[in-house]
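What follows is a short report on a single structure.
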Amino acid sequence: QVQLVESGGGLVQAGGSLRLSCAASGLTFSRNAMGWFRQAPGKEREFVAAISGNGGGIYYADSVKGRFTISRDNAKNALYLQLNSLKPEDTAVYYCAGQNQYWPTTTDSEYVYWGQGTQVTVSS
């Protein structure tokens, strides 16, 4: 049974930083593309970042490019998202997600595994 468990969310002031982590179990982690998505209140879930199985392929949403960094440690079955220069509009529940393929996509319907989410709140 695949489990994805996020951690690291919290309340931070604008301009601050957070590091989100996602612990994965029940899959051959290095074979799975992984991604981060977020959902703000009253809005649809949106793509944030994605990474290929070996970390060689990375995609970012334009809204976070240059501020967020996705990475993975396959030896630890862990996915990370470093959030820098946070803005109030980054406030959302952030979800870790996994695919049954090596190369990532940016469409949430193409992800089959999901974590429960972690809240990130950025105050102005």
Reported set for the stretch 89-124 where residues are within 20 Å of residue 16 (Cα to Cα), open to solvent by 30 Å² or more (accessible area, probe 1.4 Å) and either assigned to a loop (DSSP other than H, G, I, E, B) or aliphatic (A, V, I, L, M) (or both) is 91, 93, 124
Inside the stretch 1-32, the number of residues satisfying the requirement of being in contact with a Gly (Cβ under 6 Å, 6 or more places away or on another chain) and small (Gly, Ala, Ser) is 2
Read through the list (1) without any contact (Cβ under 8 Å) to a residue 60 or more places away in the chain; (2) farther than 15 Å from residue 99 by Cβ, then give the number of the only condition that residue 19 fails. (1)
Among 52, 21, 85, the single one that is on the phi > 0 side of the Ramachandran plot and at pLDDT 95 or above is 85
Could you list, ordered by first residue, the pairs with Cβ atoms under 6 Å in which the first is in the stretch 66-82 and in contact (Cβ under 8 Å) with a residue 60 or more places away in the chain and the second is of a type in the set (Ser, Thr, Tyr), at least 6 apart or interchain? 80/21; 80/71; 82/69
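The values are calculated or read from the model by the stated rules, or taken from the named source; none is laboratory data. None of these values were measured; they are calculated from a predicted model. Neighbour counts run over all protein chains shown; Cβ positions are idealised from the backbone, glycine included. Side chains included, ligands, DNA and RNA excluded: accessible areas come from the protein's heavy atoms. Shrake-Rupley method; radii C 1.70, N 1.55, O 1.52, S 1.80 Å.
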